[in-house]
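The values are calculated or read from the model by the stated rules, or taken from the named source; none is laboratory data. What you see is a predicted model; the values in this text were computed from it and never measured. All Cβ positions, glycine included, derive from the backbone under ideal geometry; neighbour counts span all protein chains shown. For accessibility, only protein heavy atoms count, side chains too; no ligands or nucleic acids. Shrake-Rupley method; radii C 1.70, N 1.55, O 1.52, S 1.80 Å.
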Amino acid sequence: MGRPGLNRRQLLTAAGGLTLAGSFGFAALGKGADALAAGDRTRVRYWNLFQGGDGANQVAMVDAFREEHPDIAVKDATLAWGNPYYTKIAMAAAGNRAPDLAVMHQGRIPGFAPGRLLDPWDIDLLAEYGVREADFNPVLWRRGIVDGRLYALPLDIHVQLSFYRKDVCEKASLLDADGRLPSAGSPDDWFAILDAARGQLKKGQQTLGLHANDQNFSWWFFVAFYQQLAGTYFTDDRTAVTFDTDKATQVLEFLRKHVTEGYVTVGEADAEAFLAGSPFTWEGNWSVPYFNGEKVEYGAQPLPPVFGTPATHAESHSFILPHRSARGGAADEGAYRLAAYMVTHATTWANGGHVPAYLPTFEDPAYLKLAPQDEYSRPAMEHPATEPHIWFAGSTGVLAQRVGPVVAASNLGSARPDQAARRIKSALRQLLATRNPMDGRTAAQEAKGADA
């Protein structure tokens, strides 16, 4: 049976009900806008969502590609991060006006109707440009596969980290002989570390920045610690919820204790507080450039493995091929060459704190000099905690929007941890029965189709 056709209402609903600004994003021109008038050169349209420091690193990488490939004119466009971006990608692909290459969070791939709105990568053609499966973490590579075909070529993983100030931790006698913070193997170990550091603080300083009232961070932290307990969400066939409310309650109680015991000041500007003297903050690795720009000696590690098994929340920026009915030819090969170049020249990208997906980068002497990346990148790549591989998950996805506020409510005390755990399980049941607006199928129907 064929999949139902897509219409404008379905696409807008899937992307959050947002309206388009401009014509499929072409108004948001990047540095390569003049590439549209590039004469006989191969023209490659490329969309991304990188802003701030990430945007500067991305521009430097694209410019380096242009210098090495003068025969390819790249027209890059940077669009608004989040649902506006994914709305434009969906509408452009459905209307056959998609760019040749784009960026997508890997967790969003299953929800984008691969085969309808996304085209698969040609593995043999990628290999011609030096990109092979063997050069990637196998878990990361497999998460880009749907129905046996690769739809997401990973550029990085970006992870949640525990940043610590070395000056405060040294005064508290917490650092080892190498000047690093030993891992906490249990909640008691972790709170003992916080207590020792708190003893060195001035009045009014918080001990840990937790983003306790932020739905995205709350969800990301929950994912990490729930996976440390080997928690699951659904059966493999996506017909039933396996969410463990006891394990979830254990995680929620752990997170809540940071607030009830006064380690966290709710509403504090956590990153700024860290620079002002707070000893710990849990932030994404994208904070590395910000912290490096200040005169603070600090370290960064994956979230503490307090439940025994290391795991820290991870997502991946990945390259995709938005659907085009006439894919192929010089522009398509140019897209492959650009994506392969970006993936295999990721040291510049790693300056933004991201962990490169292309494992040979870990042997680059320039990469090995980066700090604090040298402390967290390998363990983060080896122990990523990811959201379930299902259509409603992924960055800014429906799952985070539904569950994140529930975790935050538990953090803040407006819901008991056990109540919040049951609410999460109820939300998962509802989502499992919901049809993906992109293709009209439930998660179970999509899983069955993948097995067919």
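Please get the size of the charge dipole for the range 300-431, origin at its Cα centre, with Cβ charges of +1 on Lys and Arg and -1 on Asp and Glu, quoted in debye to the nearest 20.
That gives a dipole near 740 debye.
Just in the range 82-140: which trypsin sites (Lys or Arg not before Pro) are loop by DSSP and have at most 12 other Cβ atoms within 10 Å?
Arg132
Let me know the charge dipole size of the chain about its Cα centre in debye, to the nearest 20, where only the beta-carbon of Lys, Arg (+1) and Asp, Glu (-1) is charged.
Details: 43 positive and 50 negative charges, 370 e Å.
Once rounded to the nearest 20, the dipole reads 1780 debye.
Leaving ligands and nucleic acids out of the surface, order Arg142, Arg402 by accessible area at 1.4 Å, largest first.
The residues order as Arg142, Arg402, largest area first.
State in Å² the accessible area per residue of the chain; use a 1.4 Å probe, count heavy atoms of protein chains only, and round to the nearest integer.
It amounts to 40 Å² per residue over the chain.
Keeping all protein chains in place and using 1.4 angstrom, which order do Ile145, Ile390 fall into by accessible surface area, from largest down?
Order by accessible area, largest first: Ile145, Ile390.
Name the shape class, rounded, prolate or oblate, that the alpha-carbon gyration tensor gives for the chain, where a ≥ b ≥ c are the square roots of its eigenvalues, rounded holds for a/c under 1.5, and otherwise prolate holds if a/b is larger than b/c and oblate otherwise.
oblate
Leaving out ligands, DNA and RNA, what percent of the accessible area of the chain is carbon and sulfur, probe 1.4 Å?
Carbon and sulfur atoms account for 48 percent of the accessible area of the chain.
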